């Protein structure tokens, strides 16, 4: 495929990293860092809607996060529930559609019920899709997709892509990771094959809609070649 100069990102994904380090720098409990991280989610989702992004995918809880201390996992679940309860009305009225990728049904029944209720309520919305990765790991996603594709016939890039959790989203254009780490951490490995990537030293609780806007402006300067010259 020849080169293509893209002018507008449709789908952005973010690895939200740095809550713990943000709290440590301020001699605060990690739980406070996670709380401030939720505030950053709120800012960025509002910004994505105002910037008319078609899809925003956030890495909220990975399959590896179960290895964290039980208290921290419990705090994260409580924060997620509070976030949905407090912000669902705003998202629904603003036309945001909530989508979950990953095996969210592994969570406790009250979390599953809340998540499914939120998805059902926003299912008909046609604005920005907010895809939240919960109990998500890209290797697991690819394995599940391959199993489904094989049951239907030959496995090809097209048939496998059609079975991914993100099959109904636009192709991934830009993947951002905060906090200065430079790795994908088992996130959207298939989808990121030709995505542009941006790594920033900004810790997630400090990330704002302006940072997202700057990232989108940087994206417009990237020349996407897709393996061409």
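Where a number appears in this text, it was derived from the coordinates with a stated rule and is not lab data. Everything quoted here is computed from the prediction, not taken from an experiment. With ideal geometry, Cβ positions are generated from the backbone for all residues, glycine too; neighbour counts draw on all protein chains shown.
Taking the average, over residues, of other Cβ atoms within 10 Å as the packing measure, peptides 36-42, 113-119, 146-152 rank 36-42, 113-119, 146-152 from highest down.
Of all beta bridges that DSSP places with both ends in the chain, some 5 percent have antiparallel geometry. Only helices enter this figure: runs of n ≥ 4 DSSP H residues, each worth -39500 (n - 2.57), summed and divided by the residues of the chain, yield -13500 deg cm²/dmol at 222 nm to the nearest 500. Cβ-Cβ distance of residue 90 and residue 213, R₀ of 25 Å, FRET efficiency by 1/(1 + (r/R0)^6): the value works out to about 0.80.
Going by how many other beta carbons lie within 10 Å of each one, how would you line up 179, 185, 120, fewest first?
So the residues, fewest neighbours to most, are 120, 185, 179.
Computed from the C-beta positions of residue 116 and residue 199, the FRET efficiency with R₀ = 35 Å rounds to 0.55. Please build a GNM for the chain, connecting alpha carbons under 10 Å apart, and tell me which residue among 219, 107, 199 fluctuates the most. Taking springs between Cα atoms under 10 Å, the residue moving most is 107. Most tightly packed first, judged by the mean number of other beta-carbon atoms within 10 Å of their residues, the peptides 88-96, 186-194 read 186-194, 88-96.
Remark: spin-label model distance residue 26-residue 143 equals 3.8 nm, labels positioned 7 Å along the Cα→Cβ axis.
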